[in-house]
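Below is one structure; the comments refer to it alone.
The values are calculated or read from the model by the stated rules, or taken from the named source; none is laboratory data. Worth saying up front: this structure is predicted, and the values here are computed from it rather than measured. Cβ coordinates were reconstructed from backbone atoms using ideal geometry, including for glycine residues, and neighbour counts include every protein chain displayed.
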Amino acid sequence: CERERESVCVCVPHQCVCVCVCVCVFVCVCVCVRERERECVCVCVCVLLTSVCVCVCAAGRVATGASGDWGRCRSVLVSNIIRSPVELLKLSVPSVVYAVQNNMAFVALSNLDAALYQVTYQLKIPCTALCMVLMLSRSLSRLQWFSVFMLCGGVTLVQWTPPQATKVQVEQNPFLGFVAIAIAVLCSGFAGVYFEKVLKSSDTSLWVRNIQMYLSGIVVTLIGVFVTDGAQVLEKGFFYGYTPWVCLVVLLASAGGLYTSVVVKYTDNIMKGFSAAAAIVLSTVASVVLFGLQITATFLGGALLVCVSIYLYGLPKQDTSRLQKPSADAEDTQKLMAA
C-alpha cells in the first residue's frame, strides 16, 4: 500500500503541470478569439507551427542533456533520426492515425447533431482504457472502470450545450456520422496507447521520441495545409492573421504537447484523460472570472462527476492476496479437525 500511495503522490506534480498548461492554452485561445473577431488564421498552419516548436524544444532539451556538447548532441540526433528510419516509421503511425481521427471527427460533426456528437465522442475515454488492457496487458479494478465511465459522463455534461432551434435545414447522414465517430474513437484510443507502448518499451529518450513523432506530424500536417487551405495560404500568405496572441497560443500548445508526453511516459493515457478533463473544468472556471461566462447546473453536475471520478481512480487497488490467505488457513484447519 505504501508503494502505491507513493506512486500516486509522484504522479500528481506531472498532472498538475499538464493541467496548468492546458488551462493557459484554453484561456489564451479565448482571449485571441475575442480580440480578433474579423480575421482568422489557418488552423492547419497553427498545428504545423506547434509541431515545429515541439521539435525545436525537444532538440533543445537533448542539447541540455548533452551538457552543451554539440558534438554529442549532433551524434544523438543523427543516430536516432537520420540513421533510424525504422524508428521514424514506427512513430509515424500515431501521427497518421491522429490525422485520420481529426478528419473522422469533422465528418461525424457534419453528419450528427452537436449534442449527439458530444456524447458519443466521449466514448474515446473508455476506448482508451480498453486499448490499454488489450495492448499493454493492464488490469483495471471495477472501481477504476466505474470511474472511467463516470469521467465520460462528467465531461459530456461539462461540455453540454443545449440544442438551439434553427430554420436552416442541413442534410445529414446519421449512419455515416456514427461510422465516422466510431473510427475516430478507435483511432484516439489506439494512437495514444500505441505511443505509450513505444515510449515505455525502450530506453530511448522521451525528447528523442517527441522529435521522431512530431517530425512525422510535420509531414502529415504540411500535406493537410496545402490540401485543405492551399488556396488561402497562397493568396494571403503562410502567416496571415498572426499576432503576438496567436504566437503565444502556439507556444503554449507546444508546451502542452510536451507535458502531455511526460504524463504519458510516467503515468498512462487514462491519467492523461483525467488531466484533460480537469483542464476543461478549470478553464471554464477561469472563463467565468475573466469573461463573465454563466455557469449552468449541468456544468456543476459534470464538474462534480469529474472530481469524484479523479478521486476514485486515484485510490490504491485493494490487495486481495491478504484476504484470500485467511480463507485458505481456515480450510486447512477444517481438514485437520475432520481428520
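Scanning the range 168-181 for residues that are surrounded by 15 or more Cβ atoms within 10 Å (Cβ to Cβ) and in contact (Cβ under 8 Å) with a residue 24 or more places away in the chain yields a total of 4.
Restricting attention to the range 223-245, and to residues there that are assigned to a helix (DSSP H, G or I) and among the small types (Gly, Ala, Ser), which single residue is nearest to VAL100 (Cα to Cα)? Checking each candidate, the answer is GLY224.
Here's the yes/no breakdown for (1) part of a loop (DSSP other than H, G, I, E, B); (2) modelled with pLDDT of 90 or more:
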residue: MET135; (1), (2): no, yes
residue: SER139; (1), (2): yes, yes
residue: LEU143; (1), (2): no, yes
residue: LEU151; (1), (2): no, yes
residue: GLY154; (1), (2): no, yes
residue: PRO162; (1), (2): yes, no
residue: THR166; (1), (2): yes, no
residue: GLU171; (1), (2): yes, no
residue: PHE175; (1), (2): no, yes
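List the residue pairs whose Cβ atoms are under 7 Å apart, where the first residue sits in the range 104-133 and is over 13 Å from ILE181 (Cα atoms) and at pLDDT 90 or above, the second is hydrophobic (A, V, I, L, M, F, W, C) and assigned to a loop (DSSP other than H, G, I, E, B), and the two are 6 or more positions apart or on different chains. What qualifies is ALA129/LEU140; VAL133/LEU140. Within this structure, LYS90 fails the test of being of a type in the set (D, E, K, R), surrounded by 19 or more Cβ atoms within 10 Å (Cβ to Cβ) and in contact (Cβ under 8 Å) with a residue 40 or more places away in the chain. Listed conditions (1) over 26 Å from LEU222 (Cα atoms); (2) surrounded by fewer than 15 Cβ atoms within 10 Å (Cβ to Cβ) are all met by LEU123, apart from (2). Take the conditions of a type in the set (Asp, Glu) and modelled with pLDDT of 90 or more and apply them to GLU196. Does it pass? The answer is yes for GLU196. Restricting attention to the range 255-273 and to residues that are within 12 Å of LEU199 (Cα to Cα) and of a type in the set (Val, Ile, Thr), the residue that is surrounded by the most Cβ atoms within 10 Å (Cβ to Cβ) turns out to be VAL263. Quick check, is PHE274 at pLDDT 80 or above, part of a helix (DSSP H, G or I), under 12 Å from the mean Cα position of the chain (by Cα) and of a type in the set (Phe, Trp, Tyr)? So PHE274 passes the test. Just one of (1) farther than 30 Å from CYS307 by Cα; (2) at pLDDT below 85; (3) aliphatic (A, V, I, L, M); (4) surrounded by fewer than 18 Cβ atoms within 10 Å (Cβ to Cβ) fails for VAL41. It is (4). Whenever a residue of the range 69-84 is under 10 Å from ALA59 (Cβ atoms) and of a type in the set (D, E, K, R), it has no partner that is modelled with pLDDT under 85 and surrounded by fewer than 11 Cβ atoms within 10 Å (Cβ to Cβ) lying with C-beta atoms less than 6 angstrom away and at least six residues away or across chains. Only residues that are crowded, with 20+ Cβ neighbours inside 10 Å and β-branched (Val, Ile, Thr) were counted across the range 184-203, and they come to 2. Taking the criterion of being in contact (Cβ under 8 Å) with a residue 40 or more places away in the chain, of a type outside the set (Asp, Glu) and surrounded by fewer than 20 Cβ atoms within 10 Å (Cβ to Cβ), the residues of the range 226-254 that qualify are THR228, GLN232, VAL233, PHE238, PHE239, TYR240, GLY241, TYR242, THR243, TRP245, LEU248, LEU251.
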